[in-house]
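Asker: What follows is a single structure, and I will ask about it in a moment.
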Amino acid sequence: IVSCNTLLHFYALGGNAGKAQEFLDEIERDDIFSQARPDEITFNTVINAYGNSLQHDAPEKAEHLLHRMVRSDDTAPNPSTKSFNCVIGAWVKSRRPEAAECCMKLFELMKNKDSPYDSEPDTVTFNMLINSLLAAPNAEPDPHRAEEILTQMKLRSQSRESRVAPRNKTYGSM
């Protein structure tokens, strides 16, 4: 799978999300790749390819891959925090008016302990959420919700096992 992931990475670097998606689909269905089952890196690479593409529907396609990881018949890995962050990043980069709301829905999925997703928001997640609430060009900034996210981040940072803590970048976004 390492060779497949390398090829996917080059598709992603070249901004060719469509080719990366086609190759992922081929890996999943073709007997030639029977020993190469897609792993988290495989999916995250294609999700990132969408996030870096200029396609208008890139965030939806990235999110579809995220959900496909869970709905799979046990052949796909569960999405991690990095998987979610890649999709949230795709929404933020899209700069679309609905991006903040879509990011918040993904954040709620991550926080839901009953969800099939095995992930926890980290500092990157919180920073992207704050950015989505304050920097979308075609949407009204929502400083109140951004402050609520910062407060949640501060509360989580007080836990010993937490991977969350506000950084300079967090405060710079505010």
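Asker: Mind listing just one residue for me: the one in the stretch 157-170 that is under 19 Å from Asn85 (Cα atoms) and among the hydroxyl-bearing types (Ser, Thr, Tyr) and, of those, least open to solvent (accessible area, probe 1.4 Å)?
Answerer: Going through the qualifying residues, I end up with Thr170.
Asker: Identify, by number, the condition in (1) touching a Phe, Trp or Tyr at 6+ places or on another chain (Cβ under 7 Å); (2) without any contact (Cβ under 8 Å) to a residue 40 or more places away in the chain; (3) closer than 21 Å to Asp57 by Cβ that Met153 doesn't meet.
Answerer: Against the list (1) touching a Phe, Trp or Tyr at 6+ places or on another chain (Cβ under 7 Å); (2) without any contact (Cβ under 8 Å) to a residue 40 or more places away in the chain; (3) closer than 21 Å to Asp57 by Cβ, Met153 comes up short only on (3).
Asker: How about the stretch 120-142: which of its residues are buried (at least 20 other Cβ atoms within 10 Å of the Cβ) and at pLDDT below 90?
Answerer: Ala136 - this is the single residue of the stretch 120-142 that is buried (at least 20 other Cβ atoms within 10 Å of the Cβ) and at pLDDT below 90.
Asker: Follow-up question, since we're still on this one. In the stretch 157-174, how many are more than 16 Å from Val92 (Cβ to Cβ) and free of Cβ contacts under 8 Å to residues at least 12 places away in the same chain?
Answerer: Final tally of qualifying residues: 8.
Asker: Identify, by number, the condition in (1) exposed (fewer than 15 other Cβ atoms within 10 Å of the Cβ); (2) part of a helix (DSSP H, G or I); (3) among the basic types (Lys, Arg) that Arg145 doesn't meet.
Answerer: Unmet condition: (1).
Asker: Here is a list of conditions, (1) of a type in the set (Val, Ile, Thr); (2) in contact with a helix residue (DSSP H, G or I) (Cβ under 9 Å, 6 or more places away or on another chain); (3) open to solvent by 60 Å² or more (accessible area, probe 1.4 Å), and Thr6 meets all of them except one; can you say which number that is?
Answerer: Thr6 satisfies every listed condition except (2).
Asker: Is there a residue in the stretch 105-114 that is in a loop (DSSP other than H, G, I, E, B), within 21 Å of Ala146 (Cα to Cα) and at pLDDT below 90?
Answerer: Yes, the stretch 105-114 contains at least one residue that is in a loop (DSSP other than H, G, I, E, B), within 21 Å of Ala146 (Cα to Cα) and at pLDDT below 90.
The values are calculated or read from the model by the stated rules, or taken from the named source; none is laboratory data. Predicted model, so just to flag it, every value in this text is computed and none were measured. Methodologically, a virtual Cβ is constructed for each residue, glycine included, from the backbone with ideal geometry; neighbour enumeration extends over all protein chains shown. The area values use the complete protein model at the heavy-atom level, side chains included, leaving out ligands, DNA and RNA. Shrake-Rupley method; radii C 1.70, N 1.55, O 1.52, S 1.80 Å.
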